[in-house]
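*Asks:* Quick one: this structure, given as structure tokens, is what I'll be asking you about.
The values are calculated or read from the model by the stated rules, or taken from the named source; none is laboratory data. Please read these numbers as outputs of a predicted model, since none were measured by experiment. Cβ placement follows ideal geometry from the backbone for every residue including glycine, while neighbour counts extend to all protein chains displayed.
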Amino acid sequence: MAQFEQLHSSVPGIASVIERMRAFSSAWARVGGAEDGVAVFNRIYLTVTETVRRQIDGGAFPDRPAAATLDVRFAERYLSAVDAEAAGERTPDCWHSLFQCRHHPGVRPLQFALSGINAHIGHDLPLAVVDTCRTLGCAPPDLEDEFDRVDNLLLMLEERIREDLMPGPDLLELADPLTHLFGSHLFGSWSLERAREAARSTALVLWRLREVPLLAEEFHRRLDAGAGLVGRFLLTPCRTARPS
């Protein structure tokens, strides 16, 4: 992919993505973003995207343009969902429940975060791989190194969730035993590692179906519906109200 190095230097694109996510954070904070489930996911995703940019700038990825393009195409899927919701348009099923329940008093921040990650990895990531391949004129196997490195960075999402939303079993159980119990169940029933592996396989299937548009569209609809179903489960209210 060396021939694309000068044409697709997408690090400035990452800067634009980060700027938009920061703008979302500021706007939602002004209207009570502390209780906004989409803002919870946005805050975590922004932190990870900023780290990705620093690692790309620092040479952690051998093919910087490919890594940056994948990161931008990935983020654009989430940004498009936010734009669609703001415009009153239909969002993908995988994101619909999160937007619909973003202010539900019985849904905990941990649930919002996991629902967003499920949508983004289970649906957006394989589509982003295909988008990147079309942009760079390559195939998914050519992005294995970038995918593996992004895989490792995605683990930061889980770490950030544990640090920000599950500050420690003793403290959390004392403050909110139900959240501690339900949070442990969520982490046990939904696996980031399995979601990443499924995204890798799904990207290969979508790539092979690109020359059969009707089948590709049907596969995409089922992918979206499946991710949406998991997202709705993750947002099951665990209590009637947040503690005052």
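*Asks:* So which of ALA119, ALA84 ends up being part of a helix (DSSP H, G or I) and surrounded by 22 or more Cβ atoms within 10 Å (Cβ to Cβ)?
*Replies:* ALA119
*Asks:* Starting from residues that are over 19 Å from ALA27 (Cβ atoms) and of a type in the set (Ser, Thr, Tyr), keep the ones in the range 76-116 and report whichever is modelled with the highest pLDDT.
*Replies:* It comes out as SER97.
*Asks:* Restricting to the range 122-147, give me the number of residues that are under 16 Å from the mean Cα position of the chain (by Cα) and more than 22 Å from GLU211 (Cα to Cα).
*Replies:* Qualifying residue count for the region: 2.
*Asks:* While we're on this one: Quick one: would you say VAL40 is assigned to a helix (DSSP H, G or I), within 18 Å of LEU235 (Cα to Cα) and modelled with pLDDT under 95?
*Replies:* So VAL40 fits the description; yes.
*Asks:* Out of the residues in the range 28-67 meeting the condition of being in contact with a Leu (Cβ under 7 Å, 6 or more places away or on another chain) and aliphatic (A, V, I, L, M), tell me which one is surrounded by the fewest Cβ atoms within 10 Å (Cβ to Cβ).
*Replies:* Across the range 28-67, the extreme among qualifying residues is VAL48.
*Asks:* Of everything in the range 70-97, what is under 19 Å from LEU114 (Cβ atoms) and touching a Lys or Arg at 6+ places or on another chain (Cβ under 7 Å)? Give them in sequence order.
*Replies:* Across the range 70-97, the qualifying residue is only SER97.
*Asks:* Mind checking which pairs have a first residue in the range 14-27 that is part of a helix (DSSP H, G or I) and a second that is surrounded by 12 or more Cβ atoms within 10 Å (Cβ to Cβ) and of a type in the set (D, E, K, R), Cβ under 8 Å, 6 or more apart or different chains?
*Replies:* ILE14/ARG53; ILE14/ASP71; ALA15/ARG53; VAL17/ASP71; VAL17/GLU76; ILE18/GLU50; ILE18/ARG53; SER25/ARG43
*Asks:* Also, I was wondering about something else. Filter the range 68-81 down to the residues that are crowded, with 18+ Cβ neighbours inside 10 Å and of a type outside the set (D, E, K, R) and list them by number.
*Replies:* Result: ALA68, THR69, LEU70, VAL72, PHE74, ALA75, TYR78, ALA81.
*Asks:* Somewhere in the range 231-244, is a residue β-branched (Val, Ile, Thr) and modelled with pLDDT under 60?
*Replies:* yes
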